[in-house]
Amino acid sequence: MYRYVKTMPRVPVSRPVVVSYMLMGIGVFIILWTVWPIASFFFVDQIVLAKTVSPVADLTGQGPTTPLAFASGDEKTTDANTWFPLQPQKKVSAPVNSYKLSIPSLDITDATVIIAGDDLGESIIHYGGTALPGEYGNTVLFGHSTLPQFFRGTKDYRSIFATLPTIKVGESVHITYDGVSYRYVVTDKVVVEPTDLTPLEQRFDDSYITLVTCVPPGTYLYRLNVKAKLVRI
């Protein structure tokens, strides 16, 4: 005697549905991958960094006009002359108009610094009119940044300071200027408004440098100032 048992039909999963889920997953991953450095800066880094408020009440046009736009290397963010338009850099003529900067902890080796340069996409810029390395005063250096995932070390000046927020107090910054090597030690990290001109202030009791870039990573909402002091032998 034979008996027939009816089985439930298998419902094949259509290939388009699988592809859709895969694309959705990739999209979510890319969004999280992009947003994480910014969120990390707001919820982790800013707790550690001392954030100050600009002493200037209202400076319309003092810096990029779209603060949340990504700093991927457009003309406004790579032109050093737009960063402090109310205190433009001086086109000085120095005995040596370029030198090298290294930050071992950030894998930056012999990056080119141009004195009173214009294009942050081609080098780090020594803001014209600030002290020369080794002199009494404050040497102010601008570097472009983007999302840290795109950091390529000294190979790409559009991302050269992308990892600057991770530098720690006590770490070294090395400068070779006119054949002389100088070592500076990081003493402070401060987040300020783009309109804040305090990074350009000069102190003549010793030799200092201030490294300036945009934060959170990939945007130019604020400015990070990393301050360091010369270690004398």
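The values are calculated or read from the model by the stated rules, or taken from the named source; none is laboratory data. Only a predicted model underlies this, so the values are computations on that prediction, with no experimental measurement involved. FYI the Cβ positions are ideal-geometry reconstructions off the backbone, even for glycines, and counts take in every protein chain you see.
At a glance:
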{"item": "Pairs, first at positive phi and part of a loop (DSSP other than H, G, I, E, B) in segment 164-183, second modelled with pLDDT under 95 and β-branched (Val, Ile, Thr), C-beta under 7 Å, six or more apart", "result": "178/96"}
{"item": "Residue 96 without any contact (Cβ under 8 Å) to a residue 24 or more places away in the chain, out of contact with any Ser or Thr (no Cβ under 6 Å at 6 or more places or on another chain), exposed (fewer than 15 other Cβ atoms within 10 Å of the Cβ) and not basic (Lys, Arg)", "result": "no"}
{"item": "Any hit, segment 186-195, residues being assigned to a strand (DSSP E or B), under 11 Å from the mean Cα position of the chain (by Cα) and within 17 Å of residue 141 (Cβ to Cβ)", "result": "no"}
{"item": "Residue that is of a type outside the set (Ser, Thr, Tyr) and within 15 Å of the chain's Cα centre (by Cα), where the choices are 152, 183", "result": "152"}
{"item": "Members of segment 113-132 found to be in contact (Cβ under 8 Å) with a residue 40 or more places away in the chain, in a loop (DSSP other than H, G, I, E, B) and surrounded by fewer than 24 Cβ atoms within 10 Å (Cβ to Cβ), listed by number", "result": "121, 129, 131, 132"}
{"item": "Pair list, Cβ < 8 Å and 6+ apart or interchain, from segment 204-221 residues that are modelled with pLDDT of 90 or more to residues that are of a type in the set (Asp, Glu) and assigned to a loop (DSSP other than H, G, I, E, B)", "result": "207/135"}
{"item": "Residue, surrounded by the most Cβ atoms within 10 Å (Cβ to Cβ), within segment 144-166, restricted to residues that are touching a Lys or Arg at 6+ places or on another chain (Cβ under 7 Å) and within 16 Å of residue 101 (Cβ to Cβ)", "result": "144"}
{"item": "Condition check for residue 117: at pLDDT 80 or above and touching a Lys or Arg at 6+ places or on another chain (Cβ under 6 Å)", "result": "no"}
{"item": "Every residue from segment 86-111 that is within 17 Å of residue 184 (Cα to Cα), of a type outside the set (A, V, I, L, M, F, W, C) and not in a loop (DSSP other than H, G, I, E, B)", "result": "99, 100, 102, 104, 105, 109, 110"}
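Here's the yes/no breakdown for (1) among the small types (Gly, Ala, Ser); (2) in contact with a Phe, Trp or Tyr (Cβ under 8 Å, 6 or more places away or on another chain); (3) under 23 Å from residue 97 (Cβ atoms):
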| site | (1), (2), (3) |
| --- | --- |
| 171 | no, no, no |
| 177 | no, yes, yes |
| 181 | yes, no, yes |
| 184 | no, yes, yes |
| 187 | no, no, no |
| 192 | no, yes, no |
| 212 | no, yes, yes |
| 220 | no, no, no |
| 229 | no, yes, no |
